[in-house]
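Step one of this worksheet: look at the structure below.
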């Protein structure tokens with residue numbers, strides 16, 4: 001598998017539409033794991049993605065977007081808003097490569113946070129293997145339990 005990792009341009013309509021299709025495929029799997037009928041990302045429009053204020057890095061295989069990570073930077077904090085991989089490409093190291101690319105893009109961040117469903121063992125395992133530790137658990141959207149993870153960058 002030859003992956004190309006690069007920043008995504010939210011000004012490009014085709015790119016934003018590819019992000020929406022990718023996240024719908026990925027978050028459908030998470031919704032099923034969580035027993036949720038829907039998640040906000042499943043109904044998000046290209047306009048909403050474009051207006052998110054998030055920066056994006058994508059993973060491409062044969063010019064097809066197969067993974068993406070988005071985040072917002074606030075001072076020393078990087079807050080990951082989405083990390084998605086197409087289900088056809090699960091367990092191929094794409095999410096790890098995207099997390100590495102994000103760390104390279106934000107080398108001076110002191111902390112990185114991310115949230116995932118409490119009932120999503122693959123995502124939780126990924127974050128824990130990548131040095132994230134759970135710091136909080138809460139209920140969102142009425143009944144979905146999420147775990148917030150944090151990774152501190154060594155000084």
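A single entry from 47, 74, 37, 64 fulfils the requirement of being under 17 Å from residue 104 (Cα atoms) and out of contact with any strand residue (DSSP E or B) (no Cβ under 8 Å at 6 or more places or on another chain): 74. Cβ-Cβ distances below 6 Å connect the following pairs, each with a first residue in the range 123-148 that is within 16 Å of residue 112 (Cβ to Cβ), a second residue that is in a loop (DSSP other than H, G, I, E, B), and a separation of six or more residues or different chains: 147/118.
Taking the range 9-128 as the region of interest, the strands (runs of 3 or more DSSP E) fully inside it that hold 2 or more residues being more than 21 Å from residue 145 (Cα to Cα) are 55-61, 64-74, 77-85.
Annotation: of all residues in the range 24-53 being buried (at least 18 other Cβ atoms within 10 Å of the Cβ) and closer than 15 Å to residue 68 by Cα, the one that is modelled with the lowest pLDDT is 41. Only a single criterion out of (1) surrounded by fewer than 19 Cβ atoms within 10 Å (Cβ to Cβ); (2) in contact with a strand residue (DSSP E or B) (Cβ under 6 Å, 6 or more places away or on another chain) is not satisfied by residue 95, namely (1).
The values are calculated or read from the model by the stated rules, or taken from the named source; none is laboratory data. Just so it is clear, the structure is predicted and the values come from calculations on it, not from any experiment. So basically every Cβ, Gly included, is an ideal-geometry build from the backbone, and we count neighbours across all protein chains shown.
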